[in-house]
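Novice: This is the structure I have questions about; it appears just below.
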Amino acid sequence: MDFVLIMKLIPIYKESIFLTLKLSLCAIMISLFLGIVCSAISYMKIPIVSWIIKFYVEISRNTPLTIQLFFLYFSLPLFGVRLSSFNCALFGLSFLGGSYMCEAVKGGFDSIKKTQIESGLSIGLNNWQLICHIILPQAIVLSMPLIAGVIVFLIKETSVAGIVALADVMFVTKDVIGMYYCTNEALFMLIVSYVVIILPFVLLFTFLKEKIKYIDNKILF
Amino acid sequence: MNILSIGVLDFFVQEAVGFKRLLRAFCVNLYISLVSVLLSIFFGILFGFIVSKRKIFRIVFKIFLEIVRIIPIFAWLFLFYFKLSGKNGGLSGTAVSIIVFFVWGTFEFSDIILSSMEALPKHQYESGLAIGFTYKQLYKKIIMPQIMRMVLPNAINLIVRMIKTTSIVTLIGVIEVLKVGQQIIEYNVFKNPKAPFFVYGFIFALFFVACQTVSCFAKFFENKFKI
């Protein structure tokens, strides 16, 4: 291990960590929104739209992100749609994450008690009000552990984004190995940077899970 | 829409050999995932039962599980590839990817089994022991059938994820479906500029079919074992 070289590598990795974080945070936001909307629509069983959503969930859950990214990056330009590598990775990740979030939030939707819905209806709320004010706040809390799992999964999936020439941590590692011939140092920095990126999230979610257990026992049941 | 009108069929006829190669290369993906899935199911069950015996084992196991989980599979592949397949006498990319998938799968499978054993109410064990079952009978007659019901959907989801993840082994130099696809596209750069669309679409479909059949099993078992 050459620690002088590692000190030299830190700024390069810092940039790529920020890029990875930016990408994953944007993707998490979009996919959370997409997942909530999709699961709300399929919960209300709107005829055609919910079939489309079912189809979308099946497709994006059963195909790897690598192929989705390649498809977006190399075959959309044939139709005149040119995406930059960041947009392409963002699009692919949100496409993948939306379906996983949809499944996660759906679990929360299903576990809400019927009394909640019926008492909501009896005080005269319409469907959207019912979802916004009564079902959604409870569903998100209930499905928090699953959502946390999906978020960590999405952050890990950003490692594939290097294949569309986005300079994320993996891509930088490959570059550094090629430039300085320092496999050990580069791989060490790779592990360190993933730990730096993911560990705060994992700790936050374990903290939140404890909180939710408390809420579960106190209010909902 | 000009592009599609040039003839999807023409392209498929011209590149019939290429698509056959794609199918054959997809077998590499299936081979990697099949071997690692089978190995990791076996060792995962074994590991899960061993770990569930003592509390210290469980704590150590959780630490290792978090270590495996916190680093993406792609990074693990990289690590193992650069460490194991060095100069002469190193392992091939396929072997490295099987090892990585095996380690990952074993940890995940044993976590699934552990968590479902913890979810099983304690009185099941105790009443089994109370009516005089030995441990072997207890696990065979009472614990296993109930655990299987909880494990199967999760396990099949994990298998789907493993099949999906085999698509990144191309990045450590295994000649599999994505690599062959790129070769076909490069061959067709001037002849057929629209080749990426068909080739990647075909690979997309291959993965979709493979994963969909497996996840149909998940739905089947979920319905069958519904309480």
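Novice: For chain A, what does -39500 (n - 2.57) per DSSP helix run (n ≥ 4), summed and divided by total residues, give at 222 nm, in deg cm²/dmol to the nearest 500?
Specialist: -25000 deg cm²/dmol
Novice: A follow-up question, please. Figure the gain on full extension for A:Ile140 and A:Glu210 (residue separation times 0.36 nm, minus the Cα-Cα span) and round it to one decimal in nm.
Specialist: 23.7 nm
Novice: While we're looking at this one, here's another question. Order of B:Met148, A:Met170, A:Met189, A:Met7 from fewest to most other C-beta atoms within 10 Å?
Specialist: Ranked by crowding around the Cβ, least crowded first: A:Met7, B:Met148, A:Met189, A:Met170.
Novice: Report relative contact order for chain A in percent, whole number only (criteria: Cα-Cα under 8 Å, sequence separation at least 6).
Specialist: Averaging sequence separation for qualifying contacts and normalising by length gives 29 percent for chain A.
Novice: In degrees between 0 and 90, to the nearest 10, how far off the longest principal axis of chain B does helix B:177-187 point, with axes built from Cα atoms?
Specialist: 10
Novice: So, one more: At R0 = 35 Å, how high is the FRET efficiency between B:Ile131 and B:Lys224 if r is their beta carbon distance? Nearest 0.05 is fine.
Specialist: 0.80
Novice: Can you give me the relative contact order of segment B:141-227 as a percent, contacts being Cα pairs under 8 Å and 6 or more apart?
Specialist: Averaging sequence separation for qualifying contacts and normalising by length gives 44 percent for segment B:141-227.
Novice: Around B:Thr165, with a cut-off of 14 angstrom between Cβ atoms, what is the net charge of the other residues, counting Lys and Arg +1 and Asp and Glu -1?
Specialist: +2
Novice: If you stretched the chain out fully between A:Phe188 and A:Ile59, how much longer would it get, using 0.36 nm times the residue separation minus the C-alpha to C-alpha distance?
Specialist: Net length gain for the segment: 42.8 nm.
Novice: Could I ask something else about it? Ratio of alpha-carbon Rg to the 2.2 N^0.38 Å globular estimate for the protein assembly as shown, to two decimals, please.
Specialist: 1.06
Novice: At q = 0.15 Å⁻¹, what is the base-10 log of I(q)/I(0) for segment A:45-160 according to the Debye formula with one equal point scatterer per Cα and no solvent? Please give it to two decimals.
Specialist: -0.80
Novice: For segment B:4-224, with equal point scatterers placed on the C-alpha atoms only and solvent neglected, what are the log10 I(q)/I(0) values from the Debye formula at q = 0.08, 0.11 1/Å, to two decimals?
Specialist: Debye curve over Cα of segment B:4-224, log10 I(q)/I(0) at q = 0.08, 0.11 Å⁻¹: -0.40, -0.68.
Novice: Order these by the 10 Å Cβ neighbour count, fewest first: B:Phe198, B:Phe190, B:Phe19, B:Phe64.
Specialist: Ordered by Cβ neighbours within 10 Å, fewest first: B:Phe190, B:Phe64, B:Phe19, B:Phe198.
Novice: What value, in deg cm²/dmol to 500, does the helix sum -39500 (n - 2.57) over DSSP H runs of n ≥ 4 give at 222 nm once divided by the residues of chain B?
Specialist: -25500 deg cm²/dmol
Novice: Work out the charge dipole of the protein assembly as shown with +1 on the Cβ of Lys and Arg and -1 on the Cβ of Asp and Glu about the Cα centre, then indicate which of A:Met29, A:Leu72, A:Ser85 is farthest towards its positive end.
Specialist: Of the candidates, A:Met29 comes out farthest on the positive side.
Novice: Using a 7 Å offset from the Cα along the Cα-to-Cβ direction at both A:Tyr180 and B:Gln124, what is the distance between the two label points in nm, to one decimal?
Specialist: Between A:Tyr180 and B:Gln124, the label points sit 5.3 nm apart.
Novice: Now, a different point. Using a simple spin-label model with points 7 Å from Cα along the Cα→Cβ vector, what separation in nm is obtained for A:Trp51 and B:Tyr187?
Specialist: Using points 7 Å along Cα→Cβ, the separation is 4.0 nm.
Novice: Another one. Normalised by the empirical 2.2 N^0.38 Å for globular proteins, what value does the Cα Rg of chain A take?
Specialist: For chain A, the normalised Cα radius of gyration is 1.22.
Novice: Next up: Nearest 20 debye, what's the magnitude of the dipole of chain B about its Cα centre given +1 on Lys and Arg Cβ and -1 on Asp and Glu Cβ?
Specialist: The calculation lands at about 640 debye.
Novice: While we're looking at this one, here's another question. Pop a pseudo-label 7 angstrom from the Cα along the beta-carbon direction at both B:Lys62 and A:Phe79 and give the gap in nm to one decimal.
Specialist: 4.8
Novice: Which residues make up the longest stretch of chain A clear of trypsin sites (Lys or Arg not before Pro) that lie in a DSSP loop with no more than 12 other Cβ atoms within 10 Å, not counting the sites?
Specialist: A:114-221
No lab work stands behind these numbers, since they all come straight from the coordinates. If you're wondering where the values come from, they're calculated on a predicted model, not measured in any experiment. Quick reminder, even Gly has a Cβ in these numbers, built from the backbone with ideal geometry, and neighbours come from all protein chains shown.
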